[in-house]
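Here the structure comes first, spelled out in C-alpha cells, and everything after it is commentary.
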Amino acid sequence: MSSTSNHVSVTTKSSDLINVDILNNLQYESFEYVIYNDNKTMLRKGQFRAPSVQIRTNNLQEGIYQFQLLLNGQEWKTTLFEKYNSEA
C-alpha cells in the first residue's frame, strides 16, 4: 500500500522496507528524508538521488512513524507509515 501526491509515492505499511518513488521530472534531483516517531523524535536521516530508494525499517519497533521528504532543504512531502513485524 502506498500514498501518492506531489508526484511521489511512499509505502504506508512496512515490515522491512519503505519504497519511495519520485514520479515526475525531478528524477536526477537529490532528496533528503527524515523519519520521526510519535514523540517527534528524529530516528533516522538520510539522502538519495531520485527516482527511487528503498529505506530499511527492520530496526524500528512496531508503530506509526512520520516520513518527511525534503528537496533543496524545503519540506516536499510528509506522510505517515505503519511499521509492523512480519510473522516468522
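Being out of contact with any helix residue (DSSP H, G or I) (no Cβ under 9 Å at 6 or more places or on another chain) and at positive phi, is that true of even one residue in region 61-70? Full working, then the answer.
So the first thing to find is which residues in region 61-70 are out of contact with any helix residue (DSSP H, G or I) (no Cβ under 9 Å at 6 or more places or on another chain), and the list is 61-70.
If we keep only those that are at positive phi too, we end up with 63.
Scanning region 61-70 turns up at least one residue that is out of contact with any helix residue (DSSP H, G or I) (no Cβ under 9 Å at 6 or more places or on another chain) and at positive phi.
Working only within region 55-71, note down all residues that are closer than 24 Å to E29 by Cβ and in contact (Cβ under 8 Å) with a residue 40 or more places away in the chain. Break it down into steps so the answer makes sense when it comes.
The initial filter retains those residues of region 55-71 that are closer than 24 Å to E29 by Cβ, namely 55-57, 65-71.
Passing the criteria: R56, T57, F67, L69, L71.
With the requirement that a residue be in contact (Cβ under 8 Å) with a residue 12 or more places away in the chain and closer than 16 Å to N72 by Cβ, what does region 10-44 give you?
Listed by number, the residues that qualify are I22, N24, L26, Q27, Y28, E29, S30, F31, E32, Y33, V34.
Take residues that are crowded, with 16+ Cβ neighbours inside 10 Å and in contact with a strand residue (DSSP E or B) (Cβ under 9 Å, 6 or more places away or on another chain) and tell me which of the strands (runs of 3 or more DSSP E) falling wholly in the chain contain 1 or more.
In the chain, the matching strands (runs of 3 or more DSSP E) lie at 8-11, 17-22, 30-36, 42-49, 52-56, 63-71, 74-83.
Can you tell me how many residues within region 63-82 are touching a Phe, Trp or Tyr at 6+ places or on another chain (Cβ under 9 Å), modelled with pLDDT under 95 and of a type in the set (D, E, K, R)?
1
The values are calculated or read from the model by the stated rules, or taken from the named source; none is laboratory data. Note that this is a predicted model, so its numbers are computed, not measured. Note that we place each Cβ from the backbone using ideal geometry, even for glycine, and neighbour counts take in every protein chain shown.
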